[in-house]
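K.L.:
Input: one structure, supplied below.
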Amino acid sequence: MIPSQRHLFDIPDHIAYFNCGYMSPQLKSVRVAGHGGVDRKSAPWTTQPEDFFSGPNRARSLFAELVHAEPADIAIISSASYGLAIAARNITAAKGQKILVLADQFPSNIYCWQELAKTTGAEIVTVEAPADHDWTHAVLAAIDDKVAVAALPHCHWTDGALLDLEVIGAKLRKYGAKLVLDITQSIGALPIDVARVKPDFLIAACYKWMLGPYSFGFMYVAPEFQTGEPIEYNWLNRAGSEDFAGLVDYQDAYQPGAGRFDMGERANFAQIPMAIAALEQLLDWTPKRIQETLRALTGNIAKRCAKIGLTSLPQDLRAGHFLGLRHQDELPADLLQTLADDDIFISKRGSSLRITPHLFNNDADVDRLVSALKAALERR
Ligand SMILES: Cc1ncc(COP(=O)(O)O)c(C=O)c1O
């Protein structure tokens, strides 16, 4: 178990922030790294051509370590939607085939598939929320020889309901179907191993559980797709781009590996050092220990909230870093605002009150959250 790491963040004592699934607060080390990058632009004579490669490659390596992939399998992207657009561009689907998604899935992992369906005649099939909350079982039941691709998360963004991606991935492969993952709501806090799950594309934005900057992310691309088509054609991704003097010797060939999919201006001199600092901290804590620590914390909240009529998914069907609380009656419309007025921050997604803590939370935060929820429910 990791003790509260609040001292590594800049969160005043009176703030009880349970909203990492919305946006994580910044580690002090990440802020310092970002300031260093901003300052650096004031003195461009200190930036050398090799710096356009060394920072991105260090970030790539650290992300690869986090997901148990090779650095060459990782592309640097600007957002989950950017990576998902690349995946949708490179996956083939045809009339009569299906694209599997979950009910109420995050829109970045829907719109690109709607476009693919429009251009190919494939059909989007939505797996409905199962009454027993077992999404793994529900997805497995929807996989057949008509499925071209399943576009899924590791846990549902509204309430943290968990999917067993290893089992789902194995069944998809049996039918020759592809697996595209948006793990923005789990990467960093929930371990994942691409060698076991074997996704075709795995995509994550940085600004939530990776504790990194906004407008930045990473994408794992399986070797089979590393000769695919990017969605923009920038010069840094072409072979030999290290030689700035020779850039007008235009090249058809790309840099090796997933680097062909890197976003334009991927060598962002403020964001890259921030992402590196965040990834170093996550790897030091390890996603496994983060998950165990947050599972204990959300378990404690769930137990206390059950006494005031707020129910949540069974422990084994939800990710430990997420808690979706529901009440049999309508919740007060101003509940979130009432809590925010008291400096307690949570979200509402779908019908769930979404509690998403991180290692900056402490026992005092938990006490305040539970008391405030109890008071708000009693006032109804
Ligand atoms: C599951 C999931 N994916 C992706 C994102 C962010 O998407 P994008 O990077 O396209 O803005 C969010 C934001 O809430 C999310 O919950």
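Only the coordinates and a few stated rules stand behind these numbers; no lab work does. Predicted, not measured: the structure shown is a model, and the values here were computed from it. Using ideal geometry, Cβ is built from the backbone for each residue, glycine included, and neighbour counts are taken over all protein chains shown.
K.L.:
How much net charge surrounds residue 157 when only other residues with a Cβ under 15 Å from its Cβ are counted (Lys, Arg +1; Asp, Glu -1)?
P.N.:
Computed value for this residue: +2.
K.L.:
Quick one: work out Rg over Rh on the C-alpha atoms of region 299-339, Rh as Kirkwood radius.
P.N.:
Ratio of gyration radius to Kirkwood radius: 0.99.
K.L.:
What fraction of the DSSP beta bridges in region 30-284 is antiparallel, stated in percent and rounded to the nearest 5?
P.N.:
40
K.L.:
To the nearest 10 degrees, how steep is helix 287-306 against the longest Cα principal axis of the chain, on a 0 to 90 scale?
P.N.:
30
K.L.:
Give the order of 221, 67 when sorted by the count of other beta carbons within 10 angstrom, beginning with the fewest.
P.N.:
By the 10 Å Cβ count, ascending: 67, 221.
K.L.:
A further question follows. Cβ under 9 Å from residue 325's Cβ, residue 325 left aside: what net charge do those residues give with Lys, Arg +1 and Asp, Glu -1?
P.N.:
+1
K.L.:
Okay, next question. Using only Cα positions of region 176-282, each an equal point scatterer, no hydration layer, compute I(q)/I(0) via Debye at q = 0.13 Å⁻¹ and quote the log10 values to two decimals.
P.N.:
Result of the Debye calculation: -0.57.
K.L.:
Then there is this: Which trypsin sites (Lys or Arg not before Pro) does region 20-61 hold that lie in a coil by DSSP with at most 11 other beta carbons within 10 Å?
P.N.:
Those that pass, being in a loop and sparsely packed, are 41.
K.L.:
Now for a separate question. Return 108, 352 ranked ascending by Cβ neighbour count within 10 Å, so the fewest neighbours appear first.
P.N.:
108, 352
K.L.:
Next question, about the same structure. I'd like the distance between the alpha-carbon centres of region 309-371 and region 100-171, rounded to an integer number of Å.
P.N.:
So the two Cα centres are separated by 25 Å.
K.L.:
Something else: Starting from the Cα of residue 54, step 7 Å along the direction of its Cβ; do the same at residue 195; then give the gap between the two resulting points in nm.
P.N.:
With each label point 7 Å from Cα toward Cβ, the separation is 3.0 nm.
K.L.:
Another question about this same structure. If you line up the Cα atoms of the chain on their principal axes, what length do they span on each, largest first, in Å?
P.N.:
72, 56, 33
K.L.:
Continuing with the same structure: When Lys and Arg each count +1 and Asp and Glu each count -1, what net charge do the other residues less than 15 Å away from residue 175, Cβ to Cβ, add up to?
P.N.:
+4
K.L.:
Could you work out how far helix 108-120 tilts from the main Cα principal axis of the chain, as a 0 to 90 degree angle to the nearest 10?
P.N.:
The helix 108-120 is inclined about 50 degrees to the chain.
K.L.:
Taking region 236-344 as the region of interest, what is the percent of Cα-Cα pairs per 10 angstrom bin, listed from the shortest bin to the one with the maximum distance?
P.N.:
11, 22, 21, 18, 15, 10, 3
K.L.:
Taking a 24 Å limit on the Cα-Cα distance, which of the listed pairs 288/374; 307/348; 98/288; 178/288; 28/348; 98/118 fall beyond it?
P.N.:
288/374; 98/288; 178/288; 28/348
K.L.:
Okay, moving on. Quick check on the exposure proxy: order 321, 7 from fewest to most C-beta atoms within 10 angstrom.
P.N.:
Ranked by crowding around the Cβ, least crowded first: 7, 321.
K.L.:
Separate question: Hey, got the dipole for the chain? About the Cα centre, +1 on K and R Cβ, -1 on D and E Cβ, debye to the nearest 20?
P.N.:
620
K.L.:
Give the aspartates and glutamates reachable from residue 174 as a straight Cα distance under 15 Å; neighbours fewer than 8 places away on the same chain don't count.
P.N.:
144, 145, 166, 200
K.L.:
Between the helical axis of 51-67 and the dominant principal axis of the chain, each derived from Cα atoms, what acute angle in degrees is found, rounded to the nearest 10?
P.N.:
Tilt of helix 51-67: around 50 degrees.
K.L.:
What's the center-to-center distance, using Cα atoms, between region 209-268 and region 1-70 in Å?
P.N.:
Between the Cα centres of region 209-268 and region 1-70 lies a distance of 21 Å.
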